[in-house]
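*Asks:* Please read through the structure below; I'll follow up with questions.
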Amino acid sequence: MSLVAEAFVTQIAAAEPWPENAALYQQLKEEQILLSDNASSLAVQAFLQMCNLPVQVVCRANAEYMSPSGKVPFIRVGNQVVSELGPIVQFVKAKGHSLSDGLDEVQKAEMKAYMELVNNMLLTAELYLQWCDDTTVEEITHPRYGSPYPWPLNRILAYQKQWEVRRKMKAIGWAGKSLEQVLEDVDQCCQALSQRLGTQSYFFNKQPTELDALVFGHLFTILTTQLTSDELSEKVKNYSNLVAFCRRIEQHYFEDHDKDSSASAASRSSKSYLPS
């Protein structure tokens, strides 16, 4: 299909209302999905909840391979398939739903800068921990990532993914970092987010934006995922306003929004609580 034809199809799809059977795809929740993918999936779920758009979470062992970009989550809306938060935000905006329309140009630029910070620091730190920390790799990452597949395919796929992520880490200059340096990067990111949030309910004004959804997805998942140690979650717990921010969004957009929805269930990881 030509670019013009694709643009036409997208334009037609954008004009259609949001369906009740929209689906979000991710890996198996209990035994397979890893920290970084769980965080990214929860960020998209939070964004759609904030837009008041219904979505059914569908768990598939091969979700990563079903995705058009090779990354999760992805959503299926009608005959359209869109993956990752950024493109999903644009797709939803084309349908007339936006969380950041009320921001001025300076605020939008600042919002994008903080989203880049989260992706460059928190997401990269999650990937580093999963695939470059030997203890985490052996005790959590390899067993979970390959869990749906028989031996030796489970090991082959895990090693292929590990090689891919470590190559990326080398390209961006993270391969030579120690775990302590990565944790310090996480702390600096949390400090910047904490200072920007201050005593506000959300990062901009009194209403959430896609930045709030992104930060919630990562921080909530870090706080509620059992790892080999608590070093990562302790960095977040040092900032009480960020912990309160996560609790606020969980209660308002998941527990209170629809206590019986699959998205609400998906927001509760192996630890189903936030620190007091």
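The values are calculated or read from the model by the stated rules, or taken from the named source; none is laboratory data. Note that the coordinates shown come from a computational prediction; the quantities given were computed from them, not determined experimentally. FYI the Cβ positions are ideal-geometry reconstructions off the backbone, even for glycines, and counts take in every protein chain you see. These accessible areas exclude ligands, DNA and RNA; they are computed on the full protein's heavy atoms, side chains included. Shrake-Rupley method; radii C 1.70, N 1.55, O 1.52, S 1.80 Å.
*Asks:* Exposed loop GluC sites (Glu not before Pro) only (DSSP loop, at most 12 other Cβ atoms within 10 Å): please give the longest stretch of the chain free of them, not including the sites.
*Replies:* 32-276
*Asks:* Right, another one. Suppose R0 equals 25 Å. What FRET efficiency, 1/(1 + (r/R0)^6) with r the Cβ-Cβ distance, do residue 192 and residue 160 give to the nearest 0.05?
*Replies:* Efficiency computed from Cβ-Cβ geometry: 0.15.
*Asks:* Where does the chain land at 222 nm, in deg cm²/dmol rounded to the nearest 500, when only DSSP H runs of n ≥ 4 count, each adding -39500 (n - 2.57), divided by all residues?
*Replies:* -16000 deg cm²/dmol
*Asks:* Quick check on the chain: of the DSSP beta bridges with both residues there, what percent are antiparallel, nearest 5%?
*Replies:* 65
*Asks:* For segment 31-99, restrict the atom set to alpha-carbon positions and state the Rg and Dmax in Å.
*Replies:* Calculated on Cα positions, Rg and Dmax stand at 11.7, 36 Å.
*Asks:* Here's a follow-up. Could you list the square roots of 5 times each eigenvalue of the Cα gyration tensor of the chain, that is, the equivalent ellipsoid semi-axes, sorted largest first and rounded to whole Å?
*Replies:* 28, 24, 18
*Asks:* Given a 1.4 angstrom probe, what's the average accessible area per residue across the chain, in square angstrom?
*Replies:* 48
*Asks:* Less than 15 Å from a label point 7 Å out along the Cα-to-Cβ axis of residue 238: which backbone N atoms in segment 97-138 qualify, by residue?
*Replies:* So the set is 122.
*Asks:* Among all lysine pairs in segment 1-154 that are eight or more places apart or on different chains, how many have alpha carbons less than 20 angstrom apart?
*Replies:* Lysine pairs satisfying the spacing and distance rule in segment 1-154 number 4.
*Asks:* Once the Cβ-Cβ distance between residue 180 and residue 138 is put in as r, and R0 is 25 Å, what FRET efficiency do you end up with, to the nearest 0.05?
*Replies:* 0.80
*Asks:* Further question: Under 17 Å Cα to Cα from residue 177, which lysines show up? Leave out anything in the same chain fewer than 8 places away.
*Replies:* The reachable lysines, counting only those whose Cα sits under 17 Å from residue 177, are 168.
*Asks:* Exactly which trypsin sites (Lys or Arg not before Pro) in segment 175-220 are in a DSSP loop and have at most 10 other Cβ atoms within 10 Å?
*Replies:* 206
*Asks:* Of all accessible surface on the chain at a 1.4 Å probe, what whole percent is carbon and sulfur?
*Replies:* Taking all protein chains in place, the chain shows 51 percent carbon and sulfur surface.
*Asks:* Here's another thing I want to ask about it. How far apart, in nm, are the 7 Å Cα→Cβ label points at residue 200 and residue 108?
*Replies:* A separation of 1.7 nm, rounded to one decimal place.
*Asks:* Per residue, what volume in Å³ does the Cα convex hull of segment 1-158 take up?
*Replies:* Expressed per residue, the convex hull around the Cα atoms of segment 1-158 is 136 Å³.
*Asks:* How high is the relative contact order of the chain? Use alpha-carbon pairs under 8 Å, at least six apart in sequence, and give a whole percent.
*Replies:* In percent, rounded to a whole number, it is 23.
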